[in-house]
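The structure under discussion appears below in the form of structure tokens.
FYI, it's all coordinate maths here, none of it is from the lab. Please read all numbers here as calculations on a predicted model, not as lab measurements. Note: ideal-geometry Cβ built from the backbone for every residue, glycine included; neighbour counts use all protein chains shown.
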Amino acid sequence: MAVETASDLAAFVSTNDFGVSASYTVAGGSAVTISGIFDNNIIEVEAGGGVPIAVRQPRFLCRTADVASAADGDAITINSTAYTIRMADEDGTGMSQLILEKN
């Protein structure tokens, strides 16, 4: 159970500080605007052959309450770029990390 309140979590991902707005759409549903923290870090992936390659791993950290039914195949648009959600990972603190794939 989360220690922070819903308003504490909302402040954490607020667009006033670190957050950005995103348009989240459950497959077959309507779009809603949510806030979260977007990262698009470079990670190393072992592709075989002994030489790792670098790839981007876009992800979006947001309140679980905003994406309670997030699943593989849902859509999210961040900074005018469309992504497909490939995994939703709820961390048990009231926050979820969405692993994304650029369309």
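Charge tally around Ile53: other residues with Cβ under 13 Å, Lys/Arg +1 each, Asp/Glu -1 each, net -1. Around Ala68, with a cut-off of 14 angstrom between Cβ atoms, what is the net charge of the other residues, counting Lys and Arg +1 and Asp and Glu -1? Around Ala68, the charge tally is -4.
Consider a paramagnetic label point 7 Å from the Cα of Ala11 along Cα→Cβ; state which residues of the range 57-91 have an amide N under 17 Å from it. Counting backbone N atoms under 17 Å from the label point, the list is 63.
Among Asp39, Asp66, Asp17, the largest mean-square fluctuation in a Gaussian network model of the chain (Cα springs under 10 Å) belongs to Asp17.
Considering only alpha-carbon pairs that sit under 8 angstrom and 6 or more positions apart, the relative contact order computed for the chain is 26 percent. For the range 16-46, the residues whose amide N sits under 14 Å from a probe point set 7 Å from the Cα of Ala71 along the beta carbon direction are 26-29.
Measuring between their Cα centroids, the range 39-85 and the range 1-32 lie 16 Å from each other.
Using the Cβ of Asn41 as centre and a radius below 10 Å, the other residues enclosed give a net charge of +1, where K and R count +1 and D and E count -1.
Quick one: work out the % antiparallel among DSSP beta bridges in the chain, nearest 5. Roughly 100 percent of the beta bridges in the chain run antiparallel, per DSSP. Scattering from the C-alpha atoms of the chain alone, worked out with Debye: what is log10 I(q)/I(0) at q = 0.14, 0.24 1/Å? Taking Cα atoms of the chain as identical point scatterers yields -0.55, -1.30. When you count the other C-beta atoms within 10 angstrom of each residue and take the mean per peptide, 7-16, 69-78 line up highest first as 69-78, 7-16.
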